[in-house]
Amino acid sequence: MKWNDLAVLDELGFSIYEKKALASVSVLGVADAASLCREGDIPTSKIYRAMEKLAGLGVVEVQPSRPRLWAALAADEVVDRLVDVARRRADHFADESQDLRELLRGVEGKVRGRQAFADLALGVESHGKRHLSRLTAANHRILSYLEQGDLDAFDRLEADGFRVLRRISRHVSDHDVEHRVVFGFTRQTAGALNDFLRRHVAELGHVTGVRYSGELGHPFHVIDDDIVILSLDHPFVPERRFASLLIRDAELASKLVAGFEELFTRAMRDLREIRFHP
């Protein structure tokens, strides 16, 4: 037997010595403290407390002799009693959970000021695997404003075997998630955008709304109105996309949603609306 085989007992708060004691008494059948310490490699200072815990749970029997003896129960009886303990604890927690719910609701927002969780991913690969992959876990809505750097990043990830566009498409389709996109472009990048759309028409078939805008800004995604992904590009970096920032902050997300909705309303519905010549 390996001690890791008893890891399930961690769910009931068993210490390593309590797990060793239970295994040792099961092997020996009947044993005193010295025998249990030898069998389980348990310090003498730990054995009595461990056996008190097991006796209190009803998974060993105690004979108050000198020396004190402990007897193992049948395996099925031990497991059934532990299952009963787990159920009683779960039922008790469920009964008390409403008070905990009210307590936590009462302290929400008591500390002044904003605190937001932020995670920085460096490089295109980390941007894709740590941040863009979060789009595949959206529950109800994704809003994306994309520029040329995003298209290059998607192509780079695709070439490296990380087909994140396909994963996003599958998740959105399977879970009925709204996904609207605004593509930002210039006259210089419009051709590349057209090419990207042709090559990825299958992966973009899930998108529930698409617009095209010549008003360049800063690329971002908003996921479920509380997670924001800000993409960071720089012309001095060969791959341009050098990092991205994931921020969990509902207030920031709300501002970006409002800006996205305004941009989406006035953006073009079709790239054929572009006028390349005055």
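Values in this text are rule-based calculations from the coordinates and carry no lab data. Since we're looking at a predicted model, the values are computed, not measured. Cβ placement follows ideal geometry from the backbone for every residue including glycine, while neighbour counts extend to all protein chains displayed.
Side notes on the structure shown:
- The set of residues in the range 132-156 being surrounded by fewer than 20 Cβ atoms within 10 Å (Cβ to Cβ) and touching a helix residue (DSSP H, G or I) at 6+ places or on another chain (Cβ under 7 Å) consists of SER133, THR136, ARG156.
- Filter result for ARG101 (of a type in the set (Lys, Arg) and within 22 Å of ILE16 (Cα to Cα)): no
- Number of positions in the range 21-39 that are out of contact with any Phe, Trp or Tyr (no Cβ under 7 Å at 6 or more places or on another chain), within 18 Å of GLU61 (Cβ to Cβ) and among the small types (Gly, Ala, Ser): 6
- Enumerated strands (runs of 3 or more DSSP E) restricted to the range 23-88, each holding at least 3 residues that are of a type in the set (Ser, Thr, Tyr) and within 19 Å of ASP10 (Cβ to Cβ): none
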